[in-house]
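So the structure is just underneath, and the comments pick up after that.
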Amino acid sequence: MEANAGLIAGSHQMNQLVVIPGDGVKPLNSVNSEMCQICGDEVGVSANGDLFVACNECGFPVCRPCYEYERKDGNQSCPQCKSRYKRQKGSPRVEGDEEEDDVDDLDNEFKALPQQQTTEEMLQGHMSYGRGDEENVHVVTPGLPLLTNGQEGVDPNEIPPEHHALVIPSHKRVHPMSDDFSVRSMDPTKDPSAYGYGSVAWKERLESWRHKQEKMSIMMTEGAQHFSDGKGGGDYGADGPDAPLTDESRQPLSRKIPIASSKINPYRMIIIIRLAVLGIFLRYRILNPVKNAYGLWLTSVICEIWFAFSWILDQFPKWFPINRETYLDRLSLRYERDGESQLSSVDIYVSTVDPLKEPPLVTANTVLSILAVDYPVDKVSCYVSDDGAAMLTFEALAETSEFARKWVPFCKKFSIEPRAPEMYFAQKIDYLKDKVQPTFVKDRRAMKREYEEFKVRINALVAKAHKMPEEGWTMQDGTPWPGNNTRDHPGMIQVCFDFLKVQFIVIWNMQVFLGHSGGHDTDGNELPRLVYVSREKRPGFNHHKKAGAMNSLVRVSAVLTNAPFLLNLDCDHYINNSKALREAMCFMMDPLVGKRVCYVQFPQRFDGIDIHDRYANRNTVFFDINLRGLDGVQGPVYVGTGCVFRRQALYGYEPPVKNNSSKKSSCCCGPRKKSKASKTKRMDSDKKKLNRTESNVSAFSLEGIEEGLEGYENEKSAIMSQKSFEKRFGQSSVFIASTLAENGGVPEAASPAALLKEAIHVISCGYEDKTDWGKEIGWIYGSVTEDILTGFKMHARGWRSIYCMPPRAAFKGSAPINLSDRLNQVLRWALGSVEIMLSRHCPIWYGYGGGLKFLERVAYINTIVYPLTSIPLLAYCTLPAVCLLTNKFIIPEISNFASLFFISLFISIFATGILEMRWSGVGIDEWWRNEQFWVIGGVSAHLFAVFQGLLKVLAGIDTNFTVTSKTSDDEEFGELYAFKWTTLLIPPTTLLVINMIGVVAGISDAINNGYQSWGPLFGKIFFAFWVIVHLYPFLKGLMGRQNRTPTIVVVWSVLLASIFSLLWVRIDPFLPKTKGPNLQQCGINC
């Protein structure tokens, strides 16, 4: 085939070839109007007057600006052949150019290739982007099978066109695949489908399908009407289990995927075996004390018993791990028909405190990712809580709202992922992949410039905020900033769109009109509402830190928008998957399972972590193993961010009771009506539930309220008077009314000015006094880890949670990669667990008689007692050094039979880990890092948390936790190598030193005592090396950067130098060996 034959398109089923010929090859010096295949502009000419050629390998047409942009900010490679762009004459150098020659010999490069080959490559690149002249596409009729009604020997040219089996357009030519096709006869009595030409039966199937769809539509309409009239069957209504599931929109929105039995059954079996081996091992250890080291033996046995107990608490909640799958297409079919969305509204909370530790640019990226989320804009409201009342955050949010007008339409037009601009532009991927719009490159360049200008404006605000004026901050209109005193300021609310046009702030004595819609983007489309909130703070009030701020957001959002679902995010956790809200709605809005789901928890994923994850920041074992195991019991624990809540669950309501259809309805009479006596009896029962304090875990039941407040048509207020409502929720009639709206929303007749005034009222610092906020409803107070406590209260009421792990991570955030920052973060978590353990909400004794399942309780007990493991762990890590220095051991001399106990225990431990990694997909490096940091954190942060918790609870000495810094060094992983001294470093450093000294002392002692000492020494040295290997990442953190001497070299150098020094002293080859005094020199009186 000739080089200029053109593009060949064919199909195996169609048995034909289509030829799209090229226009021939033009000489390079004669082509002056070649079009750039990226931006559509003319390619132009080079400095020599020739056609500009960016790629010398394939000649793919790219203009000079696109070429320079690709080299500077792109992949530095040709979009077609992926070969690296060489530096052209006059182009600035970029990284990697040093390896290339400075001579640009383009003419010789092209002469090296045959002209025909060059033509083919350029034609291929030209045609691969879909450019071609359709009028020049020719078709040749092939010798294909024809319909001849059983006649043979017929000339194909004489057969009329209507008898052709394959209808071919007259304006195209098709190359024949072969010239030997014979005419195939066809029996008209047979079904045409027997010949592969289709079947007429599709008409009957189509009519049958239409009949089923019409029947289904009638059933759905009647069922919905039946349910709305109060005649439906329980919680399911028209979506009950007996409803037909032939319609795709009526299929379940999610499903559980059990772990394969070939993976989970061996895992469960090895757990049972390990439990049995552990029992035999502990029996042997208890019955065989070491008489000459009784103290060491007793200490080791106590530690091993605690380790066994801790392992049981951690292991058995992972007995039923599951996976889940969502169906976003079914969600759209069910709730987004005919262009009208019936998806539930979502209020999204972003919390921040100190803009200098939590940079405004980080918060801005989180907010931008929320505003650009793939969800109906009228269903999304973003609330930013500024608990530091910083004007820097306020002004940064104004800039963010303005930039969002350009960023949001860009994201939605080109389906950008992720939709946080900092992370999107920092991606090291081919950003042209799957992009087909011709304007994408130009729009991306323009948007990147806009974002860089936005960053400059934010940086200018940050630089200005470092030095506060003596008179305090003032706003643009000259008004003093109400939050100049961060500990004494009024409540503030700002709707940020139309921010720059109307600068206003809402304080206690001001009323401002609030529109029902947010701003609009540059395309004229509506944007989600963005609201700035800073709650009131006054001296003498306990504001309860983050938990108090979250409860303020709950009340403000209930007054202004009252969405039935809430999503809370830390300021550094942006939405990485624009469909994350839809993923959560597949569970929350599922008519079969959604009613009893209190929250959907997503795993936490992180950016900016070093490749080796030295300090286990990703926490993969917890998120990919422990929480998946809990999902098969009653659901994962709440981990503080990336969680979608049901608002009613936060208000302390119980989940709906599972209705038994056999008891509630009959096939012909519908549901039975409850008698007045039974209704009164149930109301009395609900009143008793309300009076419970210790074992009660419910504020009140959704099922027991039958009268509505004015403006809400529901049946939820029979058991509580207005006074009781105020005692529980606070003195706000608007907010109380909103709590009774199970499906959310605010009354249409509500005055915006009145709503704003009420919103300021509910964030006043005294609003929660003498109410159940923080006790039974909202985020629960009493611990710095309010997330664990809040989730525990919901589970104890009988709710269940869901763990959602979409293929693309829903949210991503930042984690402290510095050793000291990481230990302080772990210290805060452990301190919160100790506080819960010493409170009335301790899972060991709280919530019995509620809906908490046994294995879920075991998991919560494990989350609060794990800091106590630090005490036996510290003692156990000290034992190897003590044994080496005292020449004693914790284990007596064992027989061959007894050694099987130890071998079996080690094998079962390894087997459990291997099988756990097998079903979870966690890598061995991640598993090993988790084991190492368990020891590092256990002997440092957890130990300090135990003593700080005891001091706080027993002595009243409070410890203020430090906000984790979200900043990082300009250099990549610069924070990883920074050394920040803290007292948390003392215990692990001490353990390292004494174990190293013990190893040196043990080896020197064995050298002195001879061969018989080496046998017992191996067990002691193995014990010591177990400690050193687990503390190795900590040692690397102390040693410094990667480009310095490797840590392992330093460690082994010290050990070997010490050993050889002692050995040298012992051998002492240069001095004569004498066994007594030299009588020849000294005489008898020496």
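The values are calculated or read from the model by the stated rules, or taken from the named source; none is laboratory data. Everything numeric in this text was worked out from a predicted model, so none of it was measured. Every residue, glycine among them, receives a Cβ derived from its backbone with ideal geometry; neighbour counts consider all protein chains shown. Note: areas computed on protein heavy atoms with side chains; ligands, DNA, RNA excluded. Shrake-Rupley method; radii C 1.70, N 1.55, O 1.52, S 1.80 Å.
A few notes on this one:
- Any hit, the range 250-263, residues being at pLDDT 90 or above, out of contact with any helix residue (DSSP H, G or I) (no Cβ under 6 Å at 6 or more places or on another chain) and part of a helix (DSSP H, G or I): yes
- Here VAL637 passes the criteria (1) assigned to a helix (DSSP H, G or I); (2) farther than 30 Å from VAL495 by Cα; (3) under 20 Å from the mean Cα position of the chain (by Cα) except the one numbered (1).
- Members of the range 746-771 that are open to solvent by 30 Å² or more (accessible area, probe 1.4 Å) and not in a helix (DSSP H, G or I): VAL746, PRO747, GLU748, ALA749, SER751, GLY766, GLU768, ASP769, LYS770
- Counting only helices (runs of 4 or more DSSP H) that sit completely within the range 956-1059, those holding 2 or more residues that are modelled with pLDDT under 70 and surrounded by 13 or more Cβ atoms within 10 Å (Cβ to Cβ) correspond to 974-977.
- Filter result (buried (at least 16 other Cβ atoms within 10 Å of the Cβ) and either under 33 Å from the mean Cα position of the chain (by Cα) or in a loop (DSSP other than H, G, I, E, B) (or both)) within the range 719-730: ILE719, MET720, PHE729, GLY730
- Qualifying residue in the range 881-901 (condition: in a helix (DSSP H, G or I) and under 27 Å from ILE264 (Cα atoms)): yes
- Of the residues TYR781, TYR803, the single one that is among the aromatic types (Phe, Trp, Tyr), surrounded by 21 or more Cβ atoms within 10 Å (Cβ to Cβ) and touching a helix residue (DSSP H, G or I) at 6+ places or on another chain (Cβ under 9 Å) is TYR803.
- Meets criteria (of a type in the set (Gly, Ala, Ser), in a helix (DSSP H, G or I) and crowded, with 20+ Cβ neighbours inside 10 Å) for ALA830: yes
- Members of the range 542-564 found to be of a type in the set (A, V, I, L, M, F, W, C) and open to solvent by 10 Å² or more (accessible area, probe 1.4 Å), listed by number: LEU560
- A single entry from GLU98, GLU2, GLU109 fulfils the requirement of being acidic (Asp, Glu) and at pLDDT 50 or above: GLU98.
- Every pair of residues 6+ apart whose Cβ atoms lie under 7 Å, when the first sits in the range 425-439 and is assigned to a helix (DSSP H, G or I) while the second is open to solvent by less than 60 Å² (accessible area, probe 1.4 Å) and at pLDDT below 75: none
- Apart from one condition, THR620 fits all of (1) open to solvent by 10 Å² or more (accessible area, probe 1.4 Å); (2) of a type in the set (S, T, N, Q); (3) farther than 22 Å from ASN576 by Cβ; the exception is (3).
- Conditions (1) touching a Phe, Trp or Tyr at 6+ places or on another chain (Cβ under 8 Å); (2) touching a residue at least 24 places away in the same chain (Cβ under 8 Å); (3) part of a loop (DSSP other than H, G, I, E, B); (4) of a type outside the set (A, V, I, L, M); number of the one not met by HIS795: (3)
- Annotation note: Cβ proximity below 7 Å between a residue of the range 356-370 that is touching a residue at least 24 places away in the same chain (Cβ under 8 Å) and open to solvent by less than 10 Å² (accessible area, probe 1.4 Å) and a residue that is of a type in the set (D, E, K, R) and part of a helix (DSSP H, G or I) (sequence gap 6+ or interchain) occurs for ASN365/GLU422.
- Condition met for ASN485 (within 16 Å of ALA398 (Cα to Cα) and open to solvent by 30 Å² or more (accessible area, probe 1.4 Å)): no
- Tally of residues being of a type in the set (Gly, Ala, Ser) and over 14 Å from GLU57 (Cα atoms) across the range 77-95: 2
- Of the criteria (1) at pLDDT below 50; (2) more than 30 Å from GLN437 (Cβ to Cβ), which one ASP50 fails: (1)
- Any hit, the range 558-571, residues being modelled with pLDDT under 90 and among the aliphatic types (A, V, I, L, M): no
- Criterion violated by PHE454 - all others in (1) closer than 23 Å to ALA372 by Cα; (2) open to solvent by 50 Å² or more (accessible area, probe 1.4 Å) satisfied: (2)
- The residues on offer are ALA390, ALA396, and the sole one that is crowded, with 22+ Cβ neighbours inside 10 Å, within 30 Å of PHE440 (Cβ to Cβ) and either at pLDDT 90 or above or more than 20 Å from the chain's Cα centre (by Cα) (or both) is ALA396.
- Subset of the range 831-867 (residues that are without any contact (Cβ under 8 Å) to a residue 40 or more places away in the chain and of a type outside the set (D, E, K, R)): CYS842, ILE844, TRP845, PHE854
- Applying the condition of being part of a loop (DSSP other than H, G, I, E, B) and hydroxyl-bearing (Ser, Thr, Tyr) to the range 39-86 and asking which residue is least open to solvent (accessible area, probe 1.4 Å) yields TYR85.
- Residue selected from the range 278-330 under the condition open to solvent by less than 20 Å² (accessible area, probe 1.4 Å) and closer than 26 Å to ASP624 by Cα, by the criterion farthest from the chain's Cα centre (by Cα): ALA308
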